[in-house]
Amino acid sequence: MSIEPAKAPARGESPMSKSRLELFSDGVFAIVLTLLVLNLKVPASHGLAALQDILPALVVHAASFFLVGVLWMVHHGSLARVDTISNRSLFYNLLILFWVTLLPFAAENAADRPLEPLGASLIAFCCGAYLVSFLAFRLSVHSTIDDMPEMQRWRRRRLILVYAMIVGNFACAALAWLSPWIGYAAAVTTVLLYLTLRSPPEAVQDFIGKAASAEAEETAAVEAP
């Protein structure tokens, strides 16, 4: 019984599978979420005074937690529509994760000094830089779903919104030095926009579901004795 040699990846295509990239990225997001809660310190006071002391940190933690969670949802949803991973897309994915790993530092600054501009500005800047890196990542990969007319129309509308969010986040990062609340508003707006945005067309969702089922069946067939 002959064993066929493994197929070499095409030029520019990474030998890393999509599942490995997902596991690595999910691990980084999980670590970042863990680091956020480590920023919470036990207050020295007691009772209502303790709650008053820790309230700014709790608010910043909640906002940062949901921000990272939404960024993970965006990242996960995008990878679900990707067929192959290229070396260039791997680099852009590292950039995505880099900006995410800066958020605990920004959140700690905002929690310790909520009325200072550094933490708020850095949070807004990381949101904008994440979106730039994410856009570059998404444009560097291709999926058969991208060829569907429904998906093309949906992507054109989504790109306009993403460009506006990038400009808005960078503008808020600069204006946060005048008022930190502008930087916080950018982060909250990013979360709310992605939570209220319409999902891809139903035909695309059905396509994704069928593709995932076919991939699971293929994997099970390969692993079966």
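The values are calculated or read from the model by the stated rules, or taken from the named source; none is laboratory data. Because the structure is predicted, anything quoted here is derived from the model rather than measured. Reconstructed Cβ throughout: ideal geometry from the backbone, glycine too, with neighbour counts over all protein chains shown.
Within the group S213, S199, which residue is closer than 29 Å to R88 by Cα, among the polar types (S, T, N, Q), at pLDDT below 85 and not in a helix (DSSP H, G or I)?
Numbers: S213 fails: not in a helix (DSSP H, G or I).
Among S213, S199, only S199 is closer than 29 Å to R88 by Cα, among the polar types (S, T, N, Q), at pLDDT below 85 and not in a helix (DSSP H, G or I).
When you go through L55, L23 one by one, which is the residue that is modelled with pLDDT under 85, out of contact with any Cys (no Cβ under 6 Å at 6 or more places or on another chain), assigned to a helix (DSSP H, G or I) and exposed (fewer than 14 other Cβ atoms within 10 Å of the Cβ)? Can you show your working first?
Values: L23 fails: modelled with pLDDT under 85.
Every option except L55 fails the conditions.
A search for C-beta distances below 8 Å between a residue of the stretch 51-63 that is closer than 13 Å to V37 by Cβ and any residue that is outside any helix (DSSP H, G or I) and at pLDDT 75 or above, counting only pairs 6+ apart in sequence or on different chains, returns V60/P114. Considering only residues in the stretch 135-145 that are closer than 15 Å to A80 by Cβ and surrounded by fewer than 16 Cβ atoms within 10 Å (Cβ to Cβ), the one that is modelled with the highest pLDDT turns out to be H142. On the stretch given as the stretch 59-90, residues that are more than 16 Å from G119 (Cβ to Cβ) and assigned to a helix (DSSP H, G or I) total 16.
Would you mind stating whether N93 is polar (S, T, N, Q) and under 22 Å from W177 (Cα atoms)? Talk me through it step by step, then tell me what you get.
Working: polar (S, T, N, Q): yes; under 22 Å from W177 (Cα atoms): no.
Answer is no for this residue.
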